[in-house]
1. Once the Cα atoms of helix 3-15 and of the chain are each reduced to a long axis, what angle between those two axes, in degrees from 0 to 90 to the nearest 10, is obtained?
2. Order Leu121, Leu133 by their accessible area, 1.4 angstrom probe, all chains in place, largest first.
3. What does the accessible area per residue of the stretch 148-202 come to in Å², with a 1.4 Å probe and no ligands, DNA or RNA counted?
4. 222 nm [θ] for the chain, helices only, -39500 (n - 2.57) per DSSP H run of 4+, per residue, to 500?
5. Mind checking the angle between helix 198-208 and the chain's longest principal axis? C-alpha axes, 0 to 90 degrees, to the nearest 10.
6. Place a label point 7 angstrom from the Cα of Glu120 along the Cα-to-Cβ direction, then list the residues of the stretch 135-153 whose backbone nitrogen is under 17 Å away.
7. Please identify which residues in the stretch 33-60 have an amide N closer than 17 Å to a label point set 7 Å out from the Cα of Asn26, following the Cα→Cβ vector.
8. In debye, nearest 20: dipole of the chain around its Cα centre with unit charges on the Cβ of K, R (+) and D, E (-)?
Amino acid sequence: MRFIHVILFSVALLLSYIPNSTSVNNDFCVADLSLPKTSLGYQCKSEKDVTVDDFVFSGFVPGNATKNFNTGITFVNVDKLPGLNGLGISTVRADIGVNGSVPLHSHPDATEIIIIVEGELNVGFITPTKVFLKDAKPGDVIAVPKGQLHFLVNTGAKKAVAFAAFSSSDPSVQTLDLLLFGNDLSTDVLSKTTLLDVGQIQKLKAVFGGKN
Ligand SMILES: *[C@@H]1O[C@H](CO)[C@@H](O)[C@H](O)[C@H]1NC(C)=O
Ligand SMILES: *[C@@H]1O[C@H](CO)[C@@H](O)[C@H](O)[C@H]1NC(C)=O
């Protein structure tokens, strides 16, 4: 094949994986969850098979509270709501018990907008030069720029509820405690690279499932 043919072939191959390119309707590309997810999302479900149910998720209720953080998370991404495929949006709700929190985490590929619905929350994100912190109450809407390490802490006497939306239909979530203490990175390396005490690391590894 001549070089130009190789290029055209490659582009055609790429386009065949991009949501929308295989659908007759170019306004949306409902995920075909029976096919593998690619880095560009799911392939489109055939338009004749798309129903209103592909655009509705009916379980946006409080999640069961986790033991460690006393927070229930209900996350609705493209895997739960196939109509979101390729649309660059998804949502989550957090039901945060008394003294509970949403632990430090980031979304490398999505900006988040948090809507405080109930209770009192200390919401913040951390940058190399500054910590941005807000004592938030119902009616507050808080933007968390893409990639920033952020958290929510219930500071009130009752449960708190926040909804949020992401600028991705499938945002990744990197939780600091899990990155540090939820895998087999050795306690020795962790101690040398963070200066945390060995005993503290072992305690947190036991909590988050880490080994070594
Ligand atoms: C919470 O846990 C109960 C018992 O395991 C389960 O039946 C229920 O579906 C869970 N709720 C949610 C929202 O996941
Ligand atoms: C929440 O934490 C405070 C101390 O920070 C404690 O006095 C209180 O009993 C805790 N409440 C619950 C319900 O765990």
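1. Helix 3-15 and the main axis of the chain meet at about 60 degrees.
2. Highest to lowest solvent-accessible surface, that is Leu133, Leu121.
3. Values: 2870 Å² over 55 residues.
Accessible surface, normalised per residue, equals 52 Å².
4. Working: 4 runs with 38 residues, N = 212.
Helix-only estimate at 222 nm: -5000 deg cm²/dmol.
5. 50 degrees
6. From the stretch 135-153, the list is 135-140, 152-153.
7. 44, 47
8. Details: 17 positive and 19 negative charges, 93 e Å.
That gives a dipole near 440 debye.
The values are calculated or read from the model by the stated rules, or taken from the named source; none is laboratory data. Keep in mind the model is a prediction, meaning the values are calculated, not measured. Don't worry about glycine lacking a Cβ; one is built from the backbone with ideal geometry, like all the others, and counts go over all protein chains shown. These accessible areas exclude ligands, DNA and RNA; they are computed on the full protein's heavy atoms, side chains included. Shrake-Rupley method; radii C 1.70, N 1.55, O 1.52, S 1.80 Å.
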